[in-house]
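Let me begin by presenting the structure, written as structure tokens, before commenting on it.
The values are calculated or read from the model by the stated rules, or taken from the named source; none is laboratory data. Quick caveat: nothing in here was measured; it's all calculated off a predicted structure. As a convention, Cβ positions derive from the backbone with ideal geometry for all residues, glycine included, and neighbour counts pool all protein chains shown. Note: accessible area is taken over every heavy atom of the protein model, side chains too, but ligands, DNA and RNA are not part of it. Shrake-Rupley method; radii C 1.70, N 1.55, O 1.52, S 1.80 Å.
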Amino acid sequence: MESKNESWGSRTGLILAMAGNAVGLGNFLRFPVQAVQNGGGAFIIPYLVCFVLMGIPLLFTEWSIGRFGGRTGNHSTPYILDSMGKSSLWKYIGVFGIFTNIAVVAYYTYIESWTFIYVIHTLIGTFTGMSKEEVSTFFMQYVQLDDADFGISYLPALVYLLVLGVNIYILSTGLGGIEKVAKVGMPLLILFGAVLAFKGWTMGDDYASDAFPSANAWEGINFLWTPQYSSLLDPKVWLAAAGQIFFTLSVGMGSIQCYASYIKKNEDIALNSLASGFTNEFVEIVLGSAIVIPIAAGFLGLDWVIANAGFGMAFQTMPYLFQQWGEVFGMIAGLCWFGLLFFAGITSSLAMGTPWMGFMQDEFGWGKVKGALSFGIIALLMGLPTILFYQYGYFDEYDYWAGTVSLVVFALLETILFVWVFGMNKAWEELNHGADIRIPIAFKWIMKYVTPLLLILVLSAALFTPEANDWSGALSGLVAGEGWDFDSGSLVSKVTQDDLKQLLLEDPQNEAFYLKKIFFSSMARIQLITLFLVIVGIVWYSGVKRKSRLHE
């Protein structure tokens with residue numbers, strides 16, 4: 001950012017930009033799938049409890065940390081955290097706030113590029129007349145680089161470059177450009193979402209067919225919104241709900257702190273953080289839950305949805321379903337769907353560029369253009385392998401380590417810093433400074449004890465997830481002296497690559513494929529570790545420069 005005096009143009013622009021940062025692909029792609037995979041209505045109560053006990057406190061924490069850092073002239077997490085704690089270690093903990101954004105934007109922009117190219121394919125009628133299987137195959141061929149889309153080899157890489165270039169250009173215009181995109185993108189996103197949600201709510205059983213005679217959109221809506229109190233005793237559902245809160249609010253990344261560091265010192269961060277958080281929840285709960293699952297249930301039936309719910313439905317199933325509404329409205333629906341995904345993606349990816357730019361401006365005097373270009377180059381170097389080796393799991397490794405584990409680790413550490421090292425009384429005073437609303441005093445206790453405990457439980461549960469997520473069975477087995485078998489999705493299994501080795505044992509006929517997958521999994525991790533260490537090195541060098549300036 002070119003000027004340390006740069007700030008947001010308006011409160012509306014700030015809230016929309018913050019909401020745009022939070023409202024991302026996870027609201028429309030991840031939330032409904034997580035809900036279905038965790039029992040529909042069984043997911044809702046733990047999800048809402050996690051939002052109150054973990055989501056809101058983390059929003060309070062990150063907005064407060066950001067504004068405090070901005071007052072000391074710091075606009076990225078290494079020195080924001082350094083200014084709050086006496087140990088120099090906090091500066092290096094703050095590396096997560098730059099690392100995570102670069103690593104996530106590397107593959108996140110690739111998903112953005114899918115939405116962009118699907119808008120074009122929808123406009124030109126590519127999916128018209130295709131069967132469900134043909135639409136699904138089209139997507140798989142695209143991401144596996146098996147076919148020359150539009151007759152252009154490696155088109156996915158070129159579209160990725162184009163979308164990344166759009167991000168870089170907007171970033172190079174500073175906060176003003178980001179604010180303009182948010183003011184246009186967020187209303188359009190909500191409008192597009194409302195069109196599709198209305199259709200999802202009003203389909204009923206109008207599109208039941210001989211193949212799916214029980215298809216009914218209302219069954220999908222009822223499945224998502226009928227609470228199941230038995231889920232309150234299921235650790236698997238709680239873990240999934242807590243994980244979704246991280247994804248949906250963009251906490252634990254470092255971008256909220258960066259945005260908040262540019263607000264005025266008396267800005268009401270309490271109300272602003274709640275406004276952006278509840279805007280995100282409105283989009284996720286009201287719109288996100290009313291599109292993919294009800295529409296799919298309205299055509300294919302709830303049983304099909306439960307059996308096939310997955311991230312790929314957005315690209316492998318929805319284009320086919322939209323065509324069933326006729327050529328004209330099918331095109332409108334497709335444009336709304338992929339258009340809202342594109343705006344959801346770009347408002348989030350823009351936020352990911354600001355921590356790097358803020359850091360390079362603060363420490364090395366880099367301007368907006370230089371900062372944006374350097375961010376784009378690093379993102380490109382990190383991102384190209386996720387395109388070229390997508391089928392071998394490069395993309396998935398980035399998503400797991402940078403987009404999942406890193407978020408929880410950083411959120412836990414920054415929470416400890418804010419409420420225990422910086423001190424709860426000072427933290428509470430910082431949060432309430434300039435506030436137009438009175439935050440319930442209960443949140444003081446929640447932020448100090450409940451939120452850190454929940455974060456520790458989430459991290460521990462992810463680390464030691466038992467086989468098949470059977471916690472009661474695993475605990476009983478442990479008491480009986482039978483040991484503890486880790487699930488293939490546990491952190492322990494991921495670190496040792498036991499999940500991939502198990503797949504190799506179960507499917508020896510595809511040995512060559514799984515050996516490649518293990519190799520590229522290792523390469524992705526090496527690349528992520530290298531990126532982290534490079535940023536550590538840059539932060540260390542910036543510290544040396546700061547000391548030399550003090551002695552001049």
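Could you work out the percent of alpha carbon pairs in segment 92-243 separated by over 25 Å, rounded to a whole number?
58
Computed over protein heavy atoms with a 1.4 angstrom probe, the accessible surface ordering of F60, F138, largest first, is F138, F60.
Rounded to the nearest Hz, the phi-derived 3J(HN,Hα) couplings of segment 64-79 under the Karplus curve 6.51 cos²θ - 1.76 cosθ + 1.60 (θ = phi - 60°) are 5, 4, x, 5, 4, x, x, 5, 9, x, 10, 10, 8, 5, x, 8, where x marks glycine and proline.
What separates the Cα centres of segment 401-420 and segment 350-393 is a distance of 21 Å.
The spacing between segment 2-66 and segment 449-475, judged by their C-alpha centroids, is 23 Å. Once the dipole of segment 454-552 is set up with Lys and Arg at +1 and Asp and Glu at -1 on Cβ about the Cα centre, which of M523, A512, G473 lies farthest towards its positive end? With unit charges placed on the Cβ atoms, the residue in question is M523.
The Rg/Rh ratio for segment 188-229 is 1.09, where Rg is the radius of gyration of the alpha carbons and Rh is the Kirkwood radius. Of all aspartates and glutamates in the structure, the ones whose alpha carbon falls short of 12 Å from that of K265, not counting any fewer than 8 places away in one chain, are E430. The accessible-area ordering, largest first, of the residues M424, M130 stands as M130, M424, per a 1.4 angstrom probe. From the Kirkwood radius over Cα pairs of segment 104-166, Stokes-Einstein at 10 °C and 1.306 mPa s returns a whole-number translational diffusion coefficient of 130 µm²/s.
As a test of the formula, what do you get for the chain when each DSSP H run with n ≥ 4 contributes -39,500 (n - 2.57) and the sum is divided by the residue count, at 222 nm and rounded to the nearest 500 deg cm²/dmol?
Estimated from H runs of four or more residues: -22000 deg cm²/dmol.
Cα centroid distance between segment 151-178 and segment 112-139, in Å? Using only Cα atoms, the two centres lie 21 Å from each other.
Restricted to Cα atoms, segment 402-539 shows a radius of gyration and a Dmax of 20.9, 65 angstrom.
Stick to the Cα atoms of segment 1-150, pair each with every other, and give me the Kirkwood hydrodynamic radius in Å at one decimal. Let's see the in-between values first.
On the way: mean 1/r = 0.0511 Å⁻¹.
Final number for the Kirkwood radius of segment 1-150 is 19.6 Å.
Based on C-alpha pairs under 8 angstrom that are at least 6 apart in sequence, the chain has a relative contact order of 29 percent. Scaled against 2.2 N^0.38 Å for its residue count N, the alpha carbon radius of gyration of the chain is 0.95.
What the phi angles of segment 46-59 give under the Karplus curve with 6.51, -1.76 and 1.60, with θ = phi - 60°, is a coupling list of x, 4, 5, 5, 5, 5, 6, 8, 10, x, 4, x, 5, 5 Hz, glycine and proline written as x.
Over segment 234-300, the ratio between the Cα radius of gyration and 2.2 N^0.38 Å evaluates to 1.48. Dipole orientation for segment 455-545: of the candidates V536, Q502, I456, V536 has the Cα lying most toward the positive pole (charges on Cβ; Lys, Arg +1; Asp, Glu -1). Shape class of segment 308-357 from the Cα gyration tensor (axes a ≥ b ≥ c, square roots of the eigenvalues): oblate, since a/c reaches 1.5 or more and a/b does not exceed b/c. So how tilted is helix 11-22 from the main axis of the chain? Cα-based, degrees 0 to 90, rounded to 10. Tilt relative to the chain: about 60 degrees. The packing ranking of peptides 526-537, 64-75, 156-167, highest mean first, is 64-75, 156-167, 526-537, where packing means the average number of other beta carbon atoms within 10 angstrom of each residue. Phi angles of segment 253-258 translate, via the Karplus equation with coefficients 6.51, -1.76, 1.60 and θ = phi - 60°, into HN-Hα couplings of 9, x, 7, 5, 4, 5 Hz per residue; Gly and Pro are given as x.
Give the average over all directions of the projected area of the C-alpha convex hull of segment 1-83, one decimal, in nm².
Mean shadow area of the hull around the Cα atoms is 7.2 nm².
Test of understanding: extend the Cα→C-beta vector of E467 to 7 Å, then name every residue of segment 212-235 with backbone N under 20 Å from that spot. Within reach of a label on E467: 235.
Expressed as a fraction of 2.2 N^0.38 Å, the C-alpha radius of gyration for segment 157-284 is 1.45. Peptides 17-29, 294-306, ordered by how many other C-beta atoms sit within 10 Å of their residues on average, highest first, read 17-29, 294-306.
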